[in-house]
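Shown next, in structure tokens, is the structure this report addresses.
The values are calculated or read from the model by the stated rules, or taken from the named source; none is laboratory data. Everything quoted here is computed from the prediction, not taken from an experiment. Note: ideal-geometry Cβ built from the backbone for every residue, glycine included; neighbour counts use all protein chains shown. Surface areas here come from the heavy atoms of the whole protein model, side chains and all, with no ligands, DNA or RNA. Shrake-Rupley method; radii C 1.70, N 1.55, O 1.52, S 1.80 Å.
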Amino acid sequence: MQFQQLQYFVAVAETRHFTRAAELVHVAQPSLSQQIKALERELGADLFLRARGNITLTDAGEALLPLARRILADTETARYEVQELVQLRSGRVRLGATPSVCTGLLPDVLRAFHDRYPGIRLLIEEGGSHDLVRELARGALDLALVVLPLPTPSPALTTVELLREDLVVVSSPEASKPGDGRRTVRVADLEGERLVMFRHGYDLRELTVAACRAEGFEPDFAVEGGEMDAVLGFVRAGLGVAVVPRMVAARSGRGLRVTPLARPGLHRTIALAHRSDVAPPRAARELQRMLLER
């Protein structure tokens, strides 16, 4: 029994006409008829009653039809699954992320993804959530790691919460400890401290400034306008303190003192976003799975 014979059999069963079935499967009608007869000989039973151009299924044909349809469907599924796996041997994933997420969350996941799929190119774009949302919307990114809530909520995006991360205060070990040396520091204790501040458009900048204003004061900037690595370097040099994600502080190595914020503290929520109207490519869906299961 051949796959092609089952294909021809189902076509005749559905059209109840040999000529139309031949047109449907793009084969000459005599060839289709010969294959159907060969299938009947192999099975030892007629599959169709042919009477004055009226084609109907025999009992044997009725029994075979659902099985043949299932075999054809399973074959198509197998072909699709193999093609999907083949796609993971090459291709690309365009991933956007805020710089602090690139520093803290991504290295381990991207290393695991690269080890599993070395043929997939990873294209990383760093930016603030606002910029990343815009790049997603115009199709320049497959996935993006953004900070919730989004600066401009978009119904065209699907977001899945990934983690909720504490923020901490980092300072130079050679400088006086913020909060009068206590084990934790309150946001109110940052009044009078010189802050090393991120550039405009950075999610951490907006969050820190809003928290200070909620406590009734304007933050005092020692230096501003940097990216994550620059901010950490300025703090190490003793220019001031900064509010950064705990994960970033843990990865920053020596030269920084880390002080937790007192309850309720400050937090941020990282989410994985993609366009709602277009499914991400297979490789991007695999990276998405690894991020969600990390």
*Can you tell me the alpha carbon radius of gyration of the chain divided by the globular rule-of-thumb value 2.2 N^0.38 Å?*
1.63
*For the chain, which whole percent of the accessible surface, found with a 1.4 angstrom probe, sits on carbon and sulfur atoms?*
50 percent
*asked:* Suppose R0 equals 41 Å. What FRET efficiency, 1/(1 + (r/R0)^6) with r the Cβ-Cβ distance, do residue 2 and residue 111 give to the nearest 0.05?
replied: 0.30
*Over the chain, average the accessible area per residue using a 1.4 Å probe and give it in Å², no decimals.*
53 Å²
*asked:* Of 78, 39, 56, which is farthest towards the positive pole of region 37-87's charge dipole, taken about the Cα centre with +1 and -1 on the beta-carbons of Lys, Arg and Asp, Glu respectively?
replied: 56
*Just report the Cα centroid separation between region 138-205 and region 24-64, whole Å.*
70 Å
*What longest region of the chain stays clear of GluC sites (Glu not before Pro) that DSSP places outside H, G, I, E and B and that have at most 11 other Cβ atoms within 10 Å?*
1-173
*asked:* Which order do the peptides 255-266, 99-110 come out in when sorted by mean C-beta neighbours inside 10 angstrom, highest first?
replied: 99-110, 255-266
*Approximate spin-label separation residue 164-residue 290, in nm, with each point projected 7 Å along Cα-to-Cβ*: 2.8 nm
_Separation in nanometres of the label points that stand 7 Å from Cα toward Cβ, at residue 176 and residue 17_ = 9.4 nm
